[in-house]
Amino acid sequence: MELNAALHNKIEDLSEDGNALLENGDRQATVAKWNQALDLVPEPKSDWEAATWLYGSIGDAYFEGRDLDSAKATFFDALNCPGGTENP
């Protein structure tokens, strides 16, 4: 399913803010920003492609920070979203 353009743009803006935080090495703030974006995805989140890449990104940040339990749980969420098994 596709999000309406305004919502999609808000999610992308928050995601880009998270990317900038990650480039500055602030993994905790990055995850918080990406979770803000994820909170905008309608329920059930597993129906939306935006959730796939947000969960994947959050999982990567957890993994890089060696929070392996959180990474595993978040990657599992990504797997249950559209295209989750194809998303590297």
| said: Just the residues that are over 12 Å from the mean Cα position of the chain (by Cα) and of a type in the set (Gly, Ala, Ser), please, taken from segment 1-45. | reply: Ala5, Ala6, Ala20, Gly25, Ala29
| said: Every residue in segment 46-78 that is touching a residue at least 24 places away in the same chain (Cβ under 8 Å), of a type in the set (Asp, Glu) and over 18 Å from Ala29 (Cα atoms), please. | reply: Asp47, Glu49, Asp77
| Test result for Ser46, more than 18 Å from Tyr62 (Cβ to Cβ), assigned to a helix (DSSP H, G or I), among the hydroxyl-bearing types (Ser, Thr, Tyr) and at pLDDT 95 or above | yes
| said: Considering only residues that are touching a Phe, Trp or Tyr at 6+ places or on another chain (Cβ under 8 Å) and not small (Gly, Ala, Ser), which ones fall in segment 64-88? | reply: Leu68, Thr74, Phe75, Asp77, Cys81, Pro82, Asn87
| said: Among the residues of segment 49-88, what is the count of those that are within 22 Å of Lys10 (Cβ to Cβ) and either acidic (Asp, Glu) or part of a loop (DSSP other than H, G, I, E, B) (or both)? | reply: 7
| task | Give just the number: which of (1) of a type in the set (D, E, K, R); (2) surrounded by fewer than 19 Cβ atoms within 10 Å (Cβ to Cβ); (3) modelled with pLDDT of 95 or more does Glu2 not satisfy? | result | (3)
| said: Looking at Ala37, Ala29, can you tell me which residue is in contact with a Ser or Thr (Cβ under 6 Å, 6 or more places away or on another chain), assigned to a helix (DSSP H, G or I) and on the phi < 0 side of the Ramachandran plot? | reply: Ala37
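The values are calculated or read from the model by the stated rules, or taken from the named source; none is laboratory data. In this text, all values refer to a predicted model and were calculated from it rather than measured experimentally. Glycine also receives a Cβ, built like all others from the backbone with ideal geometry; neighbour counts cover every protein chain displayed.
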